[in-house]
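**Q** This is the structure I have questions about; it appears just below.
What follows draws every value from the coordinates through simple rules; no lab data is involved. Owing to the predicted nature of the structure, the values given are computational and were not obtained by experimental measurement. Every residue, glycine as well, gets a Cβ built from its backbone with ideal geometry; the counts of neighbours run over all protein chains shown.
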Amino acid sequence: MLTEIMDLNLTPQELAFRDELRAWLKANVPADWEARRTEDEMLERFAFLRAWQKKVYDAGWAGVAWPKEYGGRGATLMEQVIFTEEMARSAAPPLANVLGLSLIGPTIIGFGTDAQKKRFLPNILSADEIWCQGFSEPNAGSDLAGLRTEARRDGNDWIINGQKVWTSYGWAADWCALLTRSDPESAKHKGLTYILVDMKSAGVEVRPLKQLTGETEFCELFFHNVRVPVENTLGKENEGWSVAIGTLAHERATLGAGMQITFKRQFDRLVELSRTVMRNGKPACEDPVIRQKLAQSYLEIEIMGLNQKRAISRASQSGVPGPEGSILKIFWSELNQRFQQVACEILGPYAQLTKGNGHAIDDGQWSYSYLRSRGNTIEAGTSEIQRNIVGHFVLGLPKSY
Ligand SMILES: Cc1cc2nc3c(=O)[nH]c(=O)nc-3n(C[C@H](O)[C@H](O)[C@H](O)COP(=O)(O)OP(=O)(O)OC[C@H]3O[C@@H](n4cnc5c(N)ncnc54)[C@H](O)[C@@H]3O)c2cc1C
């Protein structure tokens, strides 16, 4: 049970860190970012985000809580959280290497050899090497351990064959954290191996998938007899499940980081819009039902902030993300869907206008956010799976499978 007492006050050291970072962001957040955010060209936008991450890294702000010897800042988890919050508060562009920074780098820190840490971590921080996560397959999503992509040993190499799907950033990635089946005879959760695969290896094929928003944020990956040196195994051969669980815990804990501040910014903007957008001949904010819904969204965004602080407080004590990651994941993903629905109700037909339409409010940001929020309750584990985790690991109920 989650009974620890939280200390929510920033220490003098944390306040100094926040103020220094705030000043740096004020001086360095690119002025043309808002305009670039609405550019259509995904590759160009990504090159811009990569250059931004390099700048953040060169100034010593990337990998705040990562060890200094691998290019990080060696600061506390709380300072990492302050970094994420300040980035969102200043509306800074996101860092390009999202999965490398939040899931795969921390997994390499936890399970990698010293040589792997030296080889991979600094390039994750500088965005010189972008990462993707090759876990899900057409028949293995929630039931991840049912995956079938095969890794077969051939001397000092693995030979990989199979297919992954929904691979975010597959189109941009230099490296893939790939979960494979290396021993088909073992029980489901055994016989898996976690392998770091160079995406430029012969036999790797990437096919983009178009999603609801019109973007091709994720891809299908195909592996045709791809050779990977055995030294790229992360953790032990046939013990990849525990490494993968490490990645998933980081994913649940970090994916929503910074979102609360983003939601707050969006909420403030929505309140402003509700004063001017007309509904039944009056400003929307005068409609009693709309006011109720705005107040409810406000409460939920505040509660999300408190949930986050509890998770951080606990992780600071234990050093690893706990099951609160699932509470957070359920809460922010479902909150966002409710909030975007309220925005649509307030904006009425305007909410359906997309980027580039001259009449769209905020250049179609609201229709994009509504459509993108649908994936929130699926990515990083569906709401049902997160509830299973809470039921078993937080409440101590028997497993559902
Ligand atoms: C935007 C986005 C980005 C993604 N990025 C990546 C990525 O980079 N890398 C990657 O590997 N994957 C990625 N995914 C895939 C994601 O992890 C899977 O879609 C997710 O785990 C669900 O798997 P599935 O799609 O196979 O659905 P299924 O597992 O087939 O689930 C179908 C439905 O059944 C329910 N269900 C399944 N099992 C249970 C159970 N035991 N109890 C109760 N209900 C259950 C689910 O909740 C869901 O509603 C991404 C997905 C999205 C939407």
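**Q** Where a ≥ b ≥ c are the square roots of the eigenvalues of the C-alpha gyration tensor, would you call region 104-158 rounded, which needs a/c under 1.5, or, failing that, prolate if a/b is larger than b/c, or oblate?
**A** oblate
**Q** Still on this structure: Under a crude label model (7 Å from the Cα following the beta-carbon direction), how far is Gln211 from Leu306 in nanometres?
**A** In this crude spin-label approximation the distance works out to 3.1 nm.
**Q** While we're looking at this one, here's another question. Mean shadow of region 35-142, computed from the convex hull of its alpha carbons, in nm²?
**A** 8.5
**Q** Something else about it: What list of ³J(HN,Hα) couplings, whole Hz, do you get for region 14-20 from phi and the Karplus terms 6.51, -1.76, 1.60, once you set θ to phi - 60° and write x for glycine and proline?
**A** 5, 5, 5, 4, 4, 5, 5
**Q** Report the residue, chosen from Ile130, Ile389, Ile160, that carries the largest GNM mean-square fluctuation when the chain is represented by alpha-carbon nodes joined by springs under 10 Å.
**A** Sorting by GNM fluctuation, first place goes to Ile389.
**Q** Let me ask something else about it. For Ala47, project a label point 7 Å along Cα to C-beta. Then give me every residue of region 163-183 with its amide nitrogen under 17 Å of that point.
**A** Only 171-174 pass the distance filter.
**Q** Taking the Cβ of Tyr298 as the centre, find all other residues whose Cβ is under 11 Å away and add up their charges (Lys, Arg: +1; Asp, Glu: -1).
**A** For residues surrounding Tyr298, the net value is 0.
**Q** Considering all projection directions equally, how large on average is the shadow of the alpha-carbon convex hull of the chain, in square nanometres?
**A** Quarter of the Cα hull surface area: 20.7 nm².
**Q** Still on this model: Calculate the tail of P(r) for region 170-298: the fraction of all Cα-Cα distances greater than 26 Å, expressed in %.
**A** 51
**Q** List every residue whose amide H lies under 5 Å from the amide H of Ala62, counting only residues 5 or more places away in sequence or on a different chain, with H placed 1.01 Å from N in the peptide plane.
**A** Placed amide hydrogens put Tyr57 under 5 Å from Ala62.
**Q** OK, next. Among Ser383, Ser274, Ser186, whose mean-square fluctuation peaks in a Gaussian network model of the chain (Cα, cutoff 10 Å)?
**A** Ser186
**Q** If each DSSP helix of 4+ residues adds -39,500 (n - 2.57) and the sum is divided by the residues in the chain, what number results at 222 nm, nearest 500 deg cm²/dmol?
**A** Here the helix-only value at 222 nm equals -14000 deg cm²/dmol.
**Q** Continuing with the same structure: Once amide H atoms are placed 1.01 Å from N in the peptide plane, what residues at a sequence separation of 5 or more from Trp158, or on another chain, have their amide H within under 5 Å of its amide H?
**A** The list, which skips near neighbours in sequence, is Val228, Val230.
**Q** Now for a separate question. For the chain, with a Gaussian network of springs between Cα atoms less than 10 Å apart, report the residue from Arg18, Arg275, Arg181 with the top mean-square fluctuation.
**A** Checking each option, the largest mean-square fluctuation is seen for Arg275.
**Q** Here's a follow-up. Find how much the distance from Asn238 to Gln296 grows on full extension, using 0.36 nm per residue of separation minus their present alpha carbon separation; answer in nm with one decimal.
**A** 16.1 nm
**Q** Turning to a different aspect of this structure: In sequence order, what are the phi-derived ³J(HN,Hα) couplings for region 133-140 according to the Karplus relation 6.51 cos²θ - 1.76 cosθ + 1.60 with θ = phi - 60°, rounded to whole Hz, with x for glycine and proline?
**A** 10, x, 10, 5, 10, x, 10, 8
**Q** Right, something else. How would you classify region 104-250 from its alpha-carbon gyration tensor, with a ≥ b ≥ c the square roots of the eigenvalues: rounded for a/c under 1.5, else prolate if a/b is greater than b/c, otherwise oblate?
**A** rounded
**Q** Further, regarding this structure: Can you list the residues, at least 5 places off or on another chain, whose amide H is less than 5 Å from the amide H of Leu234, using H built in the peptide plane?
**A** Those lying under 5 Å, H to H, from Leu234 are Tyr194, Ile195, Leu196.
**Q** Given contacts defined as C-alpha pairs under 8 Å and at least six residues apart, what's the relative contact order of the chain, whole-number percent?
**A** Relative CO of the chain lands at 13 percent.
**Q** Ok, one more. For region 266-324, just say rounded, prolate or oblate: build the C-alpha gyration tensor, square-root its eigenvalues into a ≥ b ≥ c, call rounded for a/c under 1.5, and beyond that prolate if a/b exceeds b/c, oblate if not.
**A** prolate
**Q** Restricting to region 113-198, compute how many DSSP beta bridges are antiparallel as a %, nearest 5.
**A** Taking every DSSP beta bridge with both residues in region 113-198, the antiparallel ones total about 70 percent.
**Q** Sticking with this one: Output wanted: per-residue J couplings in Hz (rounded whole) for region 163-179, from phi through Karplus 6.51 cos²θ - 1.76 cosθ + 1.60, θ = phi - 60°, x for Gly and Pro.
**A** Values per residue, Gly and Pro as x: 9, 10, 8, 6, 7, 4, 6, x, 5, 10, 6, 8, 9, 10, 8, 10, 9 Hz.
**Q** Moving to a separate point now. Among the aspartates and glutamates, select those whose C-alpha is under 12 Å from the C-alpha of Lys329, and discard any that sit fewer than 8 residues away in the same chain.
**A** Result set, ordered by chain and number: Glu251, Glu379, Glu384.
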